[in-house]
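To keep things clear, I will list the structure first and then write my remarks on it.
Derivation of every value follows stated rules applied to the coordinates shown; laboratory data play no part. Note that this is a predicted model, so its numbers are computed, not measured. Methodologically, a virtual Cβ is constructed for each residue, glycine included, from the backbone with ideal geometry; neighbour enumeration extends over all protein chains shown.
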């Protein structure tokens, strides 16, 4: 795991977008794992502005609310269409979001796992982190070996996501279909982006605390190619900053990314 701190949220977003663009240029047929959220909107805007072609890429989103159709404006399919898919040359047939409206959720979850496998696995998985420490919708006590499945959402998560539902947590669906922790860890590279002071405590627990199912993001410590990109506010409770900053300043892999 590497932890990279940028001075501002804008710089952290720009670094994530540059890494994503670089991976696509190196492998134009990359299989991308995508995430949603307000910060990711900025990442996708930067990626679109870069002009990189996604024509040969395949994408798999982390999760979707159960009970929302793809056409629902609050669905993550609608989110992705608005912020990325409609603004690039990616083939819509190669974009995948879990089917939260499926009649048989277990079958839909297994189908999603099969599609990822058939695509050759995910090359690069983007991640955010919830205030409950979740990646995807892997809420506390999610198995670190879990696969795509349906999960009940915590009140904390529903409150955090209420902005997309007019600010009313009661309007946020109570369940979601999500990639499992094990599914996420299967990706060849992971990049987690976190910004703002509200994420500082949970970032520190996920990065420097024990690996625990209570904080599914802590499982990222087990991955051999994981990068945590944060701004100063989100990094404020990290104890290892001196070493993390030294690595970013001196390791050759970061040449060309230190703007």
Over its Cα atoms, what ratio of radius of gyration to 2.2 N^0.38 Å does the stretch 71-165 give? 1.16
Relative contact order for the stretch 13-83: what percent, with Cα pairs under 8 Å and sequence separation of 6 or more? 34 percent
Simple spin-label model, 7 Å along Cα-to-Cβ: residue 211 to residue 249 in nm? 3.1 nm
Would you please put 125-133, 10-18 in order of how densely packed they are, using the mean number of other Cβ atoms within 10 angstrom per residue and starting with the highest? 125-133, 10-18
Over the stretch 80-185, calculate the relative contact order: mean separation of alpha carbon pairs under 8 Å at least 6 apart, over the residue count, as a percent. 27 percent
Determine, at each q value in 0.20, 0.25 (inverse angstroms), the log₁₀ of I(q)/I(0) that the Debye formula gives when each Cα of the stretch 105-156 is one equal point scatterer. -0.85, -1.12
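What is the Cα convex hull volume of the stretch 1-117 when expressed per residue in Å³?
Looking at the stretch 1-117, the number lands at 121 Å³ per residue.
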Provide the packing ranking of 40-46, 250-256, i.e. peptides ordered by the mean count of other C-beta atoms within 10 Å per residue, highest first. 40-46, 250-256
Cα point-scatterer Debye curve for the chain, base-10 log of I(q)/I(0) at q = 0.09, 0.15 Å⁻¹: -0.36, -1.09
Rounded, prolate or oblate: pick one for the stretch 1-55, where a ≥ b ≥ c are the square roots of the eigenvalues of its C-alpha gyration tensor, a/c under 1.5 means rounded, and failing that, prolate if a/b is larger than b/c, else oblate. prolate
Return the percentage of antiparallel bridges among DSSP beta bridges fully within the chain, rounded to the nearest 5 %. 25 percent
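Report the relative contact order of the chain, percent, no decimals, based on alpha-carbon pairs under 8 angstrom and at least 6 residues apart.
It comes to 24 percent, rounded to a whole number.
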Just subtract the alpha-carbon distance of residue 38 and residue 21 from 0.36 nm times their residue separation and send over the number in nm, one decimal. 4.2 nm
What three numbers, in Å, describe the spread of the alpha carbons of the stretch 106-259 along their principal axes, ordered from the longest? 47, 39, 29
Sort out for me the Cα centre separation of the stretch 181-255 from the stretch 1-71, rounded to whole Å. 17 Å
